[in-house]
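A short write-up of the structure that comes next.
The values are calculated or read from the model by the stated rules, or taken from the named source; none is laboratory data. Just so it is clear, the model here is predicted, and its values are computed rather than measured. Here the Cβ positions follow ideal geometry from the backbone for every residue, glycine too, while neighbour counts run over all protein chains shown. Each accessible area value is taken on the protein alone, full model and side chains, heavy atoms only, with ligands, DNA and RNA left out. Shrake-Rupley method; radii C 1.70, N 1.55, O 1.52, S 1.80 Å.
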Amino acid sequence: MRLSRSFFYTLREDARDEESVGGNLLVRAGMIRKTSSGVYMMMPLGFKCLNKIMGIIREEMERAGSQELFMPALLPEDVYVESGRRENFGKSMFSLKDRFSKSFVLAPTHEELFADAARMAIHSYKDLPLNLYQIQTKFRDEPRPRFGLIRVREFFMKDAYSFDADLEGLDQQYQAMFDAYKRIFDRVGLKYVIVRADTGAMGGLLSEEFQALSDIGEDTLVLEPSSNYASNIEVAHCVLEGEKSTEAELSFEKVHTPNMKTIEEVASFFGLEAKRFVKTLVYKVDEKLYAFCLRGDHEVNETKVLKLLGANEMELATAEEIARVSSAPIGSMGPIGLEIPVILDQEVTLLVNFIVGANEADYHYKNANLGDFKPLMTADIRKIKEGDLCENRAGRVVFKRGIEVGNTFKLGDKYSKAMDLYYRDQNNESHPVVMGSYGIGPARLMAAIVEQCHGDGRMFWPKNIAPIQVAIIPVSAKNPKQTEVAEALYETLQSKPWDVVLDDRNERAGVKFTDMELVGAYVRITCGRSVDEGKVEIKYGHDDHCELVDIEAVPAFLEDIFSQDESC
């Protein structure tokens, strides 16, 4: 590729509306361009890099026994109604009507259609196992697109689905896909951890996430390094530590606490730690109000609550909704005498003589105890905190931030039953097909790599996915010897399996060097004064190794560079 004849540009200034370093670098390098919130053009260099990532994904999918197909993105809404997921997706699903007023959606995911396709081939146990995948555009109406390609409304997704006769078969295919994912992420040089996760709208038996470690990650990862424990904070179990206090239980008393609404204010008034308080939070869960009681220093884990109640969504109750069930304002709510279901966090069972709201403005009860109210149930409903004991009791947990770049699900028979996907066994009896689901976001993966591998206004691509692997730069277009050597090297390297560019633009050498660093060219060959001595300068790798190499030896030198292992 000759840059003088190519679609190539870079920006000298930072992008105004990009929050992350990686997103800003991709825009400045002319690899992506935003068209609207959460929607991007993929420019030639960016698309070249993306295609290399998708090529690796395709290789590993086929190695794992998966066959590629291609599904439509425009689907009848009835498909999701039939499976029971239309309500789960809610406002995140783009919907429209055709000229005949029939309802359609832009697919956020394709489980239903894959089950429908599988019905065409699966009739008997002899037709199993089966594994299919696609790389297709997905659409989700994200309320807050951010971080460049990390959180968007339109994106590529590699989604694969396995079909088996039983859970044993699912386990085997799941492991094959799991291993394929590890090979994919290893090949692109990603630093990642694998965590247990919530099955969410997908449902099923198990979910695991491949998380790229990054400070801008939206997910909190709970890790205990000595035991290799790893979980998304949404599903990290909390261990009940310690014993119940042996303090004698007292009778509760009402105390005037004027204008004190927060835990900190009330704690200061009583001169006690926040963990001696039990706060009461009212949520609307699938249109029904519940009160959740937990220690003053803890937070509700909404994912745990939704699982506990088998619900789809929850949100904090409004002041008007609270007023319908209690005369107390927010800040004075408490479980004693409350006439809506109360769900108690397990940690509260260890407390004695704690403080709660009195369900009356500016009043709290001190010396409240578990016998003073009757909860609907007691369960682990809080978010784990950094420093808490790991659920395997091996040590204390630490938190890191992660970008989810891949996920694997054991779906079981949820979608096969909903979509009437059955097979007949050796005795001609009918059974639902057991499914697995496996997703990777190629563009998000590309963005995560940049977040991990950048520095001082430049990107460090792993050499196998770098959009420019070798850049040849003649220092002076007016020097015939330099341009001759650059042209000759360019022609020689065309036969090699690398993306080679000749920067023959009418620009200063400094501009060319800066541009190649910005876009992350893995190797830079400079044809400068040293060509008079039969040599060129080769700068390569993320550590900017630099050597003078005989012109005739350049191909062999590059062969050696591209055969070496690397890490960014």
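What separates the Cα centres of segment 112-175 and segment 49-67 is a distance of 15 Å.
Within a Cβ distance under 10 Å of A418, other residues only, what is the Lys/Arg minus Asp/Glu net charge? So the environment of A418 carries a net charge of -2.
Toward the positive end of the charge dipole of segment 152-290, with +1 on the Cβ of Lys and Arg and -1 on the Cβ of Asp and Glu, the farthest Cα among S214, G189, Y229 is that of S214.
Place a label point 7 angstrom from the Cα of S430 along the Cα-to-Cβ direction, then list the residues of segment 157-198 whose backbone nitrogen is under 15 Å away. No residue qualifies, since no backbone N sits under 15 Å from the label point. Modelled spin labels at N228 and D179, positioned 7 Å past Cα toward Cβ, are 1.5 nm from each other. Computed from backbone phi, the HN-Hα couplings of segment 382-396 come to 9, 6, 5, 10, 4, x, 5, 5, 4, 5, 8, 6, 7, x, 8 Hz, rounded to whole numbers (Karplus: 6.51 cos²θ - 1.76 cosθ + 1.60, θ = phi - 60°; Gly and Pro given as x).
Calculated FRET efficiency, Y9 and T349, Cβ-Cβ r, R0 60 Å, to nearest 0.05?
Working from the Cβ atoms, E equals 0.40.
Note on segment 1-139: with neighbouring protein chains present and a 1.4 Å probe, carbon and sulfur make up 52 percent of its accessible heavy-atom surface. Out of (i) 50, 26, 21; (ii) 53, 32, 22; (iii) 39, 30, 21, which label holds the value of semi-axes √(5λ) of the Cα gyration tensor in Å that was computed here? Looking at semi-axes √(5λ) of the Cα gyration tensor in Å for this model, the match is (ii).
If the chain between L376 and I336 were fully stretched, how many nm would it gain, using 0.36 nm times the residue separation less the Cα-Cα distance?
Working: separation 40, 0.36 × 40 = 14.40 nm, distance 1.28 nm.
Extra length available between L376 and I336 comes to 13.1 nm.
Each residue of segment 497-508 is assigned a 3J(HN,Hα), and the resulting list reads x, 10, 7, 10, 10, 10, 7, 9, 5, 7, 10, 5 Hz, derived from the Karplus form 6.51 cos²θ - 1.76 cosθ + 1.60 (θ = phi - 60°), x at Gly and Pro. With +1 assigned to the C-beta of every Lys and Arg and -1 to the C-beta of every Asp and Glu, and no other charges, what is the dipole magnitude of segment 340-393 about the Cα centre in debye, to the nearest 20? About 80 debye.
Label zone of R508 (point 7 Å out along Cα→Cβ, amide N under 17 Å): in segment 1-23 this covers 10-13. Mind checking the per residue accessible area of the chain for me, 1.4 Å probe, whole number of Å²? In whole numbers, the chain has 46 Å² accessible per residue. Here the spin labels are modelled as points 7 Å beyond Cα on the Cα-Cβ line, and at S327 and E386 they lie 4.5 nm apart. Straightening the chain between R401 and Q564 buys 55.6 nm, computed as 0.36 nm per residue apart minus the Cα-Cα spacing. Span-like helix criteria (full DSSP H runs; alpha carbon extent of at least 18 Å along the helix axis; mean Kyte-Doolittle hydropathy of at least 0.0) are satisfied in the chain by no helix.
Could you work out how much longer the chain between E273 and S103 gets when fully extended? Use 0.36 nm per residue separation minus the Cα distance between them, nm to one decimal. Each step should come with its number before you reach the end.
Values: separation 170, 0.36 × 170 = 61.20 nm, distance 5.52 nm.
Length difference between fully extended and current span is 55.7 nm.
About its Cα centre, the dipole of segment 448-568 is roughly 380 debye, where the only charges are +1 on Lys and Arg Cβ and -1 on Asp and Glu Cβ. With contacts defined as alpha carbon pairs under 8 Å and 6 or more residues apart, what's the relative contact order of segment 76-208 in percent? Computed value for segment 76-208: 18 percent relative contact order. Counting only protein heavy atoms and a probe of 1.4 Å, the accessible surface of segment 227-316 is 47% carbon and sulfur. Ordering M43, F89, V21 by the projection of their Cα atoms onto the charge dipole of segment 1-129, which places +1 on the Cβ of Lys and Arg and -1 on the Cβ of Asp and Glu, puts M43 at the extreme positive end.
When only Cα pairs under 8 Å and 6 or more residues apart are kept, what is the percent relative contact order across the chain? Don't skip to the end; give the middle numbers.
Working: 1174 pairs, mean separation 95.4, N = 568.
Normalised by residue count, the contact order of the chain is 17 percent.
Site pair R63 and E243 shows an inter-label distance of 5.5 nm when each label is modelled 7 Å from Cα along Cα→Cβ.
Under 5 Å between amide hydrogens, built in the peptide plane, is the criterion, and for F147 it picks out E19, S20 among residues at least 5 positions away or on other chains.
Which residues in segment 381-402 have a backbone N closer than 17 Å to a point placed 7 Å from the Cα of K191 along the Cα-to-Cβ line? Under 17 Å, as judged by backbone N against the label point of K191, lie 398-402 of segment 381-402. Lysine pairs in segment 80-238 whose alpha-carbon atoms fall under 29 angstrom of each other, counting only those eight or more residues apart or on distinct chains, come to 14.
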